1. For the stretch 26-99, report the convex hull volume of the alpha-carbon atoms normalised per residue, in Å³, without decimals.
2. Please report the orientation-averaged projected area of the stretch 3-155, defined via the convex hull of its C-alpha atoms, in nm².
3. Tell me, what is the percent relative contact order of the stretch 1-154, built from C-alpha pairs under 8 Å that lie six or more residues apart?
4. So which residue, out of 90, 15, 102, gets the largest mean-square fluctuation from a GNM of the chain using Cα contacts under 10 Å as springs?
5. Which FRET efficiency value, to the nearest 0.05, is calculated for residue 42 and residue 117 with the Förster distance at 25 angstrom and r the Cβ-Cβ distance?
6. Summing -39500 (n - 2.57) over the DSSP H runs of n ≥ 4 in the chain and dividing by its residue number, what mean residue ellipticity at 222 nm do you reach, to the nearest 500 deg cm²/dmol?
7. Once you place label points 7 Å from the Cα toward the Cβ at residue 108 and residue 35, how far apart are they in nm?
8. Share of antiparallel DSSP beta bridges in the chain, in percent to the nearest 5?
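Please treat every number below as a calculation from the coordinates, not as lab data. Keep in mind that this is a model prediction, so the values were computed, not measured. In this analysis, Cβ positions are derived from the backbone assuming ideal geometry, glycine residues included, and neighbour counts consider all displayed protein chains.
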């Protein structure tokens, strides 16, 4: 795994997982929120974001964390990925994490609360359409997450995930 996309509702732990995998594999981490959101915060314009994403996926190896929900206009990273991880943790777990982390706006909470019903089916359809070549890992609880991290660590130990 040299190009990993991490998706999930707000508070699922996407950035935390990306940092862990980055440490294990020595693959650079790209936080989409830092690229996508402008001061205010305001979303990037769709055409501007599509170009930014295209540029980001050109690298040989990366771990991209971020699920842009209703702002998703391009899925170049899905097509370029060799692994896609969907963190499908429960709403109570994610809400608790988000509350501890920071104050979020109403739009964030609408997206987070409706994620499984509205966003997740769209995400899975985009993965089917654009990320069919990628290995898909749907992680639903901390135990599954630890198994996935152990798999990546074991693979990295064999030299198949670290950047060369």
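1. Numbers: hull volume 9.0 nm³, N = 74.
Per residue, the Cα convex hull of the stretch 26-99 comes to 122 Å³.
2. Values: hull surface 34.4 nm².
With the hull built on Cα positions only, its mean projection is 8.6 nm².
3. Numbers: 217 pairs, mean separation 54.7, N = 154.
Rounded, it is 36 percent for the stretch 1-154.
4. Between 90, 15, 102, it is 102 that shows the largest mean-square fluctuation.
5. After rounding, the FRET efficiency stands at 0.45.
6. Values: 8 runs with 79 residues, N = 164.
So the calculated ellipticity at 222 nm is -14000 deg cm²/dmol.
7. Calculated label separation equals 2.1 nm.
8. Working: 2 of 19 bridges.
Approximately 10 percent, going by the DSSP bridge assignments.
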